[in-house]
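The structure appears below as structure tokens.
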Amino acid sequence: MATAVRGVVLVGHGGVPKDCPQELVTRLKRLEAQRRAAKMPPSQEEIELDSKIRRWPRTAETEPYQAGLETVAARLRAQLDGALFAVAYNEFCAPTLEESVEELIKKGATHIIVTTTMFTPGGSHSEVEIPEILEQLRKQYPDVVLRYAWPFDLNLVASTLAEQVKRYS
């Protein structure tokens with residue numbers, strides 16, 4: 001039996017760069033809302049706008065969310081005992097979850113755990129979108145084990161927040 005090759009994907013929300021024209025984001029969100037209401041696939045215009053925003057040039061100054069997530073990712077990666085690792089974003093930023101999972105599979109991952117920085121229940125990204133994407137990826141890659149490390153233990157989240165509060169007390 002072959003040894004499992006572990007992979008981990010950290011999914012963040014994603015942010016819009018400060019220098020990205022707001023009208024692009026407004027148009028994208030309008031198209032997404034219309035598509036969801038009509039239960040239709042994305043239009044070519046929506047796909048192109050999404051890609052344009054996700055691939056917008058970024059720096060730590062223009063997109064501090066991405067810079068912060070990348071810092072967390074680097075520290076997480078160092079604690080994963082050599083597992084293959086990738087970062088993904090739900091929206092506004094590249095790569096997508098699909099792209100990151102595919103990247104790890106190309107590198108040989110056979111068991112991938114997906115986790116997110118979205119800790120609390122009730123969010124559409126963490127509760128709906130990520131599970132839907134993973135279900136599609138499971139169909140596409142039936143020989144790869146894809147697990148979603150969610151929901152979080154809210155006692156652990158509260159303990160982390162309490163430690164943060166103590167740092168400022």
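Readers should treat all values here as calculations from the given coordinates under stated rules, not as data from a laboratory. All values reported here derive from a predicted model rather than from experimental measurement. When we count neighbours, we look across all protein chains shown, and the Cβ atoms used for this are built from the backbone with ideal geometry, even at glycine.
Near Asn90: Cβ cut-off under 11 Å, other residues only, Lys/Arg at +1 and Asp/Glu at -1. The net charge is -1. Each of Tyr168, Ser124, Gln34 was placed along the dipole of the chain (beta-carbon charges, centred on the mean Cα), and the one lying farthest toward the positive end is Tyr168.
Considering only Glu32, Glu98, Glu63, the mean-square fluctuation computed in a Gaussian network model of the chain, springs between alpha carbons under 10 angstrom, is largest for Glu32. Taking the Cβ-Cβ separation of Glu99 and Glu163 as r and a Förster radius of 25 Å, what is the calculated FRET efficiency to the nearest 0.05? Computed FRET efficiency for Glu99 and Glu163 comes out at 0.15.
Among beta bridges from DSSP that stay inside the chain, the antiparallel ones total about 0%.
Sequence-distant contacts, meaning Cα pairs under 8 Å at least 6 residues apart, place the relative contact order of the chain at 32 percent.
Coordinate range of the alpha-carbon atoms in the range 1-134 per principal axis, descending: 49, 36, 30 Å. Computed on the range 58-142, the Cα convex hull volume stands at 112 Å³ per residue.
As a rough guide to protection, the peptides 78-90, 108-120 ranked by mean Cβ packing within 10 Å, highest first, stand as 108-120, 78-90. For the chain, the dipole from Cβ point charges (+1 on Lys and Arg, -1 on Asp and Glu) about the Cα centre works out to 160 debye, to the nearest 20.
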